[in-house]
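For reference, the structure is listed below as structure tokens.
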Amino acid sequence: MATSTIPPHDNGAGLAEDVALALGFERPLIGGHLAGLAADEIPTTLRPEEFVLERHRVLWDTMLTLQAEGVHPDLVSVRQRLQRADRLAEVGGAAYLAELTDEGVVAIHLNEYAQQVRECATARELRRYGMELQRSGLTLEDAEVALAQVPRPMSVKRFDALVVWGQVQA
């Protein structure tokens, strides 16, 4: 069977747009939970590494840890946990937590925001893989194996790497 090489991929020009879009969902998602607006628990399927900013990763990890311990992850409990761990400044301090909470007060679709955060993370990973695959000169078959390792968005039932690869190029 003849193998073909990975077709050219964009140079990452869309990355800034991906980050801006993701932040538009991350901030109200975290803030809504800090404000105590969520009727449900925070989604444990959304992993900290799926957030764009490191401080959001730290916050989400802290919130997941508190929830696993049976503590509701609200503004007070998260702030206290971060203070005890000497990580409050790392996430932007109490002022940043309050800012997120203010944004979260108007957020009414937290589960949909969580799904969007996941989908934005998947798009970033696909873009990163695409650029790596282009540089490496892998065959399409090798690319399929590599792309299959990207986490699926919650809304995708079946992940076909070559179909996604075609969408990344579009």
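Checking the stated criteria, residue 125 turns out not to satisfy the condition of being exposed (fewer than 15 other Cβ atoms within 10 Å of the Cβ), at pLDDT 75 or above and either in contact with a helix residue (DSSP H, G or I) (Cβ under 7 Å, 6 or more places away or on another chain) or of a type in the set (Asp, Glu) (or both).
In segment 3-26, the residue that is modelled with the highest pLDDT out of those that are in a helix (DSSP H, G or I) and buried (at least 20 other Cβ atoms within 10 Å of the Cβ) is 26. Counting only helices (runs of 4 or more DSSP H) that sit wholly inside segment 30-107, those with at least 1 residues that are among the acidic types (Asp, Glu) are 54-68, 93-105.
Being buried (at least 19 other Cβ atoms within 10 Å of the Cβ) and modelled with pLDDT under 95 is the filter here, so list the residues in segment 64-96 that pass it. 73 - this is the single residue of segment 64-96 that is buried (at least 19 other Cβ atoms within 10 Å of the Cβ) and modelled with pLDDT under 95.
Of a type outside the set (Asp, Glu), under 30 Å from residue 132 (Cβ atoms), buried (at least 17 other Cβ atoms within 10 Å of the Cβ) and modelled with pLDDT under 90: does that describe residue 57? Spelling it out, it is not the case that residue 57 is of a type outside the set (Asp, Glu), under 30 Å from residue 132 (Cβ atoms), buried (at least 17 other Cβ atoms within 10 Å of the Cβ) and modelled with pLDDT under 90. Scanning segment 128-162 for residues that are more than 25 Å from residue 20 (Cα to Cα) and among the β-branched types (Val, Ile, Thr), we see that the one that is modelled with the lowest pLDDT is 139. Is it the case that residue 50 is in contact with a Pro (Cβ under 6 Å, 6 or more places away or on another chain), in contact (Cβ under 8 Å) with a residue 12 or more places away in the chain, open to solvent by less than 80 Å² (accessible area, probe 1.4 Å) and charged (D, E, K, R)? Here the answer is no, as residue 50 does not meet what is asked.
The values are calculated or read from the model by the stated rules, or taken from the named source; none is laboratory data. Computed from a predicted model, the values in this text were never measured in an experiment. All Cβ positions, glycine included, derive from the backbone under ideal geometry; neighbour counts span all protein chains shown. What goes into the accessible areas is simple: the full protein's heavy atoms, side chains included, and nothing from ligands, DNA or RNA. Shrake-Rupley method; radii C 1.70, N 1.55, O 1.52, S 1.80 Å.
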